[in-house]
Amino acid sequence: MALANATVQSGRHGPPGSPRGKQSGQINRNAGTWFLVLPALIPILILSVGPLLYGIALAFTDAQSGRTRSTQWVGVLNFQDLLHDGLFWESFRIGLVWAVGVTVPQFVLALGLALLLNENLRMRWLARALAIIPWAMPEVVVGIMWRLVYNPDAGILNETIRDLGLGDGRDWLTGLATALPAVILVGVWAGMPQTTVALLAGLQNTPHELHEAAALDGAGAWRRFRTVTWPALRPVALSITALNFIWNFNAFALVYVLTNGGPGGRTRLPMLFAYEEAFRYGQFGYAAAMGCVMVAVISVILAVYLAGRLRGGEDR
């Protein structure tokens, strides 16, 4: 009887070296892999994918605040209203100006700082520690600190201007012409450390022998950077720039603390606009539609950007 059972099992799965046996082993390995991944995958599905799908579904309803109010399916009506909402598209334009205005200087300054910190300087460890301090500070604390810096009466910026005899200073965060540049400056300062750390890691992975070989060939500092450093750093630069653009466009806490979208909506980013629609006016469905549009447009912009950069890298 035992021999018959063994024969049946062998007929089903085959000997270990047979194709059927290999297939069974692969299935078992895949099952074991999924079993190990599930503890990390379940929180992602619950906390990220689930709310995303719920938000997309909410965008096709007239959901509003109020416990007794029933929610009705309205199709694409919210998106049609968005097409004619000039305030939303103005906030979208401001968001793009903010995202580009923060991301580009962030990258340029972080690249220069990373190159400096990569040199064999005295007390380099201390300089590296000081460089990441803004990254360790919560955005709310950064916003409060810079509100004190920009304070029109006792802020250090206006005090410095008065001491240097350059004028009486101004109210930077409430001026129509100065509010957005002032907020962009704070965004660059707060986000530069993470870009610096990423670029510094890329620089440290560049083989030092390549720089020595280029120097022996008579290449100057700029030529070594262009032919050795930048090609090795390009993948890191591409990734961190794309991530910074997404993070900056979706910024909320920093601008909320600094200006709350003022003055006159000059710093009202799309996330602030959606927040007001949802939690000030109770238009949850309309705010969800805004979120869907923002995700779609940013995804298209990033796809075009990444495709162009990758194509440019292949051409070189």
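Results, tabulated for the structure shown:
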{"quantity": "Verdict on Ser91 being touching a residue at least 12 places away in the same chain (Cβ under 8 Å), in contact with a Pro (Cβ under 9 Å, 6 or more places away or on another chain) and surrounded by 11 or more Cβ atoms within 10 Å (Cβ to Cβ)", "calculated": "yes"}
{"quantity": "Of the criteria (1) open to solvent by less than 50 Å² (accessible area, probe 1.4 Å); (2) hydroxyl-bearing (Ser, Thr, Tyr); (3) under 28 Å from Leu243 (Cα atoms), which one Thr61 fails", "calculated": "(3)"}
{"quantity": "Checklist (1) assigned to a helix (DSSP H, G or I); (2) more than 34 Å from the chain's Cα centre (by Cα); (3) at pLDDT 80 or above; (4) not aliphatic (A, V, I, L, M) applied to Pro51, failing item", "calculated": "(2)"}
{"quantity": "Only listed residue being crowded, with 17+ Cβ neighbours inside 10 Å, at pLDDT below 90, over 19 Å from Val255 (Cα atoms) and not β-branched (Val, Ile, Thr), chosen from Gly169, Gly165", "calculated": "Gly169"}
{"quantity": "Given (1) within 21 Å of the chain's Cα centre (by Cα); (2) surrounded by 14 or more Cβ atoms within 10 Å (Cβ to Cβ), number of the condition Ser239 does not satisfy", "calculated": "(2)"}
{"quantity": "Pair list, Cβ < 9 Å and 6+ apart or interchain, from region 39-60 residues that are over 22 Å from Gly75 (Cα atoms) to residues that are among the aromatic types (Phe, Trp, Tyr) and open to solvent by 70 Å² or more (accessible area, probe 1.4 Å)", "calculated": "Leu41/Trp34"}
{"quantity": "Qualifying positions in region 152-162 - under 25 Å from Leu109 (Cβ atoms) and either surrounded by 15 or more Cβ atoms within 10 Å (Cβ to Cβ) or touching a strand residue (DSSP E or B) at 6+ places or on another chain (Cβ under 9 Å) (or both)", "calculated": "Gly155, Leu157, Asn158, Ile161"}
{"quantity": "Residue ranges of helices (runs of 4 or more DSSP H) in region 218-259 with at least 2 members over 28 Å from Val149 (Cα atoms)", "calculated": "221-224, 230-249"}
{"quantity": "Candidate set from region 189-206 (those that are surrounded by 16 or more Cβ atoms within 10 Å (Cβ to Cβ) and hydrophobic (A, V, I, L, M, F, W, C)); member that is nearest to Leu254 (Cα to Cα)", "calculated": "Ala190"}
{"quantity": "Number of the exception - Leu121 against (1) hydrophobic (A, V, I, L, M, F, W, C); (2) assigned to a helix (DSSP H, G or I); (3) free of Cβ contacts under 8 Å to residues at least 12 places away in the same chain", "calculated": "(2)"}
{"quantity": "Residue within region 165-177 that is under 19 Å from Gly95 (Cβ atoms), touching a residue at least 24 places away in the same chain (Cβ under 8 Å) and over 18 Å from the mean Cα position of the chain (by Cα) present", "calculated": "yes"}
{"quantity": "Tally of residues being touching a helix residue (DSSP H, G or I) at 6+ places or on another chain (Cβ under 6 Å) and either β-branched (Val, Ile, Thr) or farther than 22 Å from Tyr305 by Cα (or both) across region 212-239", "calculated": "4"}
{"quantity": "Selection status of Leu180, crowded, with 16+ Cβ neighbours inside 10 Å, at pLDDT 90 or above and either charged (D, E, K, R) or in contact with an Asp or Glu (Cβ under 8 Å, 6 or more places away or on another chain) (or both)", "calculated": "no"}
{"quantity": "Residue tally, condition under 18 Å from Trp89 (Cα atoms) and open to solvent by 70 Å² or more (accessible area, probe 1.4 Å), over region 275-289", "calculated": "1"}
{"quantity": "Filter result (part of a helix (DSSP H, G or I) and open to solvent by 50 Å² or more (accessible area, probe 1.4 Å)) within region 130-151", "calculated": "Leu130, Ile133, Trp135, Ala136, Glu139, Val140, Val141, Ile144, Met145, Arg147, Leu148"}
{"quantity": "Hey, Ile56 open to solvent by 60 Å² or more (accessible area, probe 1.4 Å), of a type in the set (Val, Ile, Thr), modelled with pLDDT under 90 and part of a helix (DSSP H, G or I) or not", "calculated": "no"}
{"quantity": "Residue tally, condition open to solvent by 30 Å² or more (accessible area, probe 1.4 Å) and either modelled with pLDDT of 90 or more or of a type in the set (A, V, I, L, M, F, W, C) (or both), over region 251-274", "calculated": "7"}
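The values are calculated or read from the model by the stated rules, or taken from the named source; none is laboratory data. This one's a predicted model, so the numbers in the text were calculated from it and none came from an experiment. Ideal geometry is used to build each Cβ from the backbone, glycine not excepted, and the neighbour counts take in all protein chains shown. Areas reflect the complete protein model, heavy atoms only, side chains present, ligands, DNA and RNA absent. Shrake-Rupley method; radii C 1.70, N 1.55, O 1.52, S 1.80 Å.
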